[in-house]
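Below is one structure; the comments refer to it alone.
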Amino acid sequence: MTPLSATQIIYAGLSSGRRQEGPGEIDLHRFCRICGGPLLLPPKPLQERSGSWTDENLCRRKDSAYLCRACGWFTEGKNRARLWGARPVFYASPRESRTMTVPELYHFLREEFPAPAVFLVRGHDPNLLRKHIQWRVLDAVTYGRKKTRVLFCGLQLWRHGGQTTGTAAFDADEFVLLVDLLSRQARPYIQLLLARQRDKKKKPTAWFTQNLVMENFLKALHPDLTMNLYLAAYVASHVLTEELLSGRGG
Amino acid sequence: MPRLRFYLQTPIAISGQKPPHPLMLDGILGYAWALRNGYGKTPAEVHPENLVFPELPLEKIGERCYAASAAFLPPEAAMYPTLLVRCADWKSAMARYGCPETAYDVAAGWRQAHREPYWLLSTPYVDFYYRGDNQGVTGLLSIIFQIRFLGGKRTAGYGQIRKIELKEKAADWSVWRDGRPTRPVPVKIAGERKDLTPEWTTYYPPYWAAANNAWCYTPPVEQWLPVRKAKEIADTLELFFAQKKESLPPQKGKEKCGEQR
């Protein structure tokens, strides 16, 4: 049986599982043009999609003339503020959805989480809200802890750096260990830098500290940066920032 | 069993917009087969019934599943993010709509110029393992060698093949290696395995066709993408931060304090 696609998981999760697959809810013999998942009913005819739709290259089943209820809802663009809010990480399973901060993602990955699931991480740029991020995650469904996939987009260093986008695929246990390792290695040096900032009567902000840590990680690990390592460095920079600025860094 | 080694001259470009997928030998050979048999890309290919399954000189382990591995990377492979420029596509717009406007807006819409996020996989070579007829495979490889490139952004010069080497006697890692799949293997062929996580993915060419999806056991990421070992990362960071600490200028205030003492 065709499983729910990423957009369908997000859609179901946003309603806390009320939009479940079931009799009269899903047509297993037809597919959604965009996500390729089973057709959640009622379908939306292709002709009714937005006139500004330009992402035809994302369509998984171009032989279908219908959009499922989830993709139809996403094309209307109502999801934007709700999906992202002010928090940069979004997690959804067919039963629940939640937004979280990057350090919360780290703590979330430490524990068992239900699968299938979808993880999205965005950078600081609010323009990303207009970029149909949910479509990019179509092939990045997490089916198990050992094959966790996290899509990240628009991660930016300082204000002038190029935005980095990719999909990390990892064993969640190994990823958590990697984040711990990166935080541990960077902590003494960053503490020293922050102490010097304070000596100059400058109060380091969270944004400054996180970018400072990330900059050092990128310099240290360049040029061999895999998608997993990039995301681990990004998460570690947030975790370390939170620890150091809250005084838990020792 | 044979092993194919593609020596590369330039990095392989992998799109950052979509989750990466491994390079598949049957996908590459399938493309050569389609070209040889005159199957071009047409709009009709969106219908799954119009897709042709390539008959390749490879052994099958089940219906439509070839004994041909995904790419294997050497330990020295590296990866880094980049942004590639895509020029404004005013020519396609003109070809599609004619000239109804006096000017095309090349700063908005699908024809706008922009930077696309890509990841460059820098590796001296990629390996593939298979079971099958060497002569038939070599015939298809001659077409691939004429195409000369692998992966994305081939027209920009990424993924250039320097040479292809066929070693006739190598380990048989065409489907499994140490109990883990080296290519997507459908659950209905491999049977239920408690130690592996099945994923909903394609297992035969063309790999872009979502209609081909099935529950499969997929190869580990460290086989087809570079993964740095924790010890190596720890050593790199330790050295880097030690050097940074040494290079920090002494604090003026503290020096004065020291002098006064």
Are there any pairs with C-beta distances below 8 angstrom linking a residue in the stretch B:37-54 that is within 19 Å of residue B:26 (Cα to Cα) and in contact (Cβ under 8 Å) with a residue 60 or more places away in the chain to a residue that is surrounded by 10 or more Cβ atoms within 10 Å (Cβ to Cβ) and among the basic types (Lys, Arg), with the two at least 6 apart or on different chains, and if so which? B:53/B:64
Give me the pairs, please: first residue somewhere in the stretch B:158-175 and closer than 20 Å to residue B:66 by Cβ, second residue anywhere and surrounded by 15 or more Cβ atoms within 10 Å (Cβ to Cβ) and polar (S, T, N, Q), beta-carbon distance under 6 Å, and either six or more positions apart or on two chains. B:173/B:69; B:173/B:182; B:174/B:69
Qualifying positions in the stretch A:206-224 - without any contact (Cβ under 8 Å) to a residue 60 or more places away in the chain, under 18 Å from residue B:240 (Cα atoms), aliphatic (A, V, I, L, M) and surrounded by fewer than 24 Cβ atoms within 10 Å (Cβ to Cβ): A:212, A:220, A:221
Kindly evaluate residue B:77 against the criterion of being within 12 Å of chain A (Cβ to nearest Cβ), modelled with pLDDT of 85 or more and crowded, with 20+ Cβ neighbours inside 10 Å. yes
So residue B:108, is it in a loop (DSSP other than H, G, I, E, B) and out of contact with any strand residue (DSSP E or B) (no Cβ under 9 Å at 6 or more places or on another chain): yes
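Could you tell me whether residue B:88 is over 23 Å from the mean Cα position of the chain (by Cα), part of a loop (DSSP other than H, G, I, E, B) and not hydroxyl-bearing (Ser, Thr, Tyr)? It would help to see each step written out before you state the result.
Details: over 23 Å from the mean Cα position of the chain (by Cα): yes; part of a loop (DSSP other than H, G, I, E, B): yes; not hydroxyl-bearing (Ser, Thr, Tyr): yes.
Here the answer is yes, as residue B:88 does meet what is asked.
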Of the listed residues (B:55, B:165), the one being part of a loop (DSSP other than H, G, I, E, B), in contact with a Phe, Trp or Tyr (Cβ under 9 Å, 6 or more places away or on another chain), closer than 30 Å to residue B:39 by Cα and at pLDDT 85 or above is B:55
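Can you pull out the residues in the stretch B:15-25 that are assigned to a strand (DSSP E or B) and surrounded by 24 or more Cβ atoms within 10 Å (Cβ to Cβ)?
Answer for the stretch B:15-25, where residues must be assigned to a strand (DSSP E or B) and surrounded by 24 or more Cβ atoms within 10 Å (Cβ to Cβ): just B:24.
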Only unsatisfied item for residue B:194, checking (1) more than 11 Å from every other protein chain (Cβ to nearest Cβ); (2) under 27 Å from residue B:119 (Cα atoms); (3) not in a helix (DSSP H, G or I), is (2)
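Which of the residues spanning the stretch A:171-180 are touching a Leu at 6+ places or on another chain (Cβ under 8 Å) and either more than 7 Å from every other protein chain (Cβ to nearest Cβ) or hydroxyl-bearing (Ser, Thr, Tyr) (or both)?
Matches in the stretch A:171-180: A:172, A:175, A:176.
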Do we have residue B:29 as surrounded by 14 or more Cβ atoms within 10 Å (Cβ to Cβ), assigned to a helix (DSSP H, G or I) and either away from every other protein chain (no Cβ under 14 Å) or at pLDDT below 95 (or both) here? yes
Among the residues of the stretch A:181-225, what is the count of those that are at the interface with chain B (Cβ under 7 Å from one of its Cβ atoms) and of a type in the set (Asp, Glu)? 2
Of (1) within 15 Å of the chain's Cα centre (by Cα); (2) more than 21 Å from residue A:242 (Cα to Cα); (3) at pLDDT below 90, residue A:160 fails just (1)
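Report yes if residue B:211 is at pLDDT below 90 and either within 9 Å of chain A (Cβ to nearest Cβ) or closer than 22 Å to residue B:65 by Cβ (or both), otherwise no.
Values: at pLDDT below 90: yes; either within 9 Å of chain A (Cβ to nearest Cβ) or closer than 22 Å to residue B:65 by Cβ (or both): yes.
When the stated conditions are applied, residue B:211 passes them.
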Take residue A:6 and decide whether it is hydrophobic (A, V, I, L, M, F, W, C), closer than 17 Å to residue A:135 by Cα and either surrounded by fewer than 16 Cβ atoms within 10 Å (Cβ to Cβ) or at pLDDT 85 or above (or both). yes
Segments classed as strands (runs of 3 or more DSSP E), wholly inside the stretch A:22-99, with at least 2 members that are at pLDDT 80 or above and within 14 Å of another protein chain (Cβ to nearest Cβ): A:26-31, A:38-40
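Which residue is farthest from residue B:211 (Cα to Cα), if the candidates are limited to the stretch B:45-58 and must be of a type in the set (A, V, I, L, M) and out of contact with any Leu (no Cβ under 9 Å at 6 or more places or on another chain)?
Initial filter on the stretch B:45-58 (of a type in the set (A, V, I, L, M)): B:46, B:51-52, B:56, B:58.
Keeping just the survivors that are out of contact with any Leu (no Cβ under 9 Å at 6 or more places or on another chain) gives B:46, B:51-52.
Numbers: B:46: 10, B:51: 10, B:52: 13 Å.
Among those that are of a type in the set (A, V, I, L, M) and out of contact with any Leu (no Cβ under 9 Å at 6 or more places or on another chain), it is B:52.
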Any chance residue B:161 is out of contact with any Asp or Glu (no Cβ under 9 Å at 6 or more places or on another chain) and within 14 Å of chain A (Cβ to nearest Cβ): no
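The values are calculated or read from the model by the stated rules, or taken from the named source; none is laboratory data. Bear in mind the structure is a predicted one, so any value in this text is a computation, not a measurement. Counting neighbours? That spans all protein chains shown, and the Cβs are built from the backbone with ideal geometry, glycine included.
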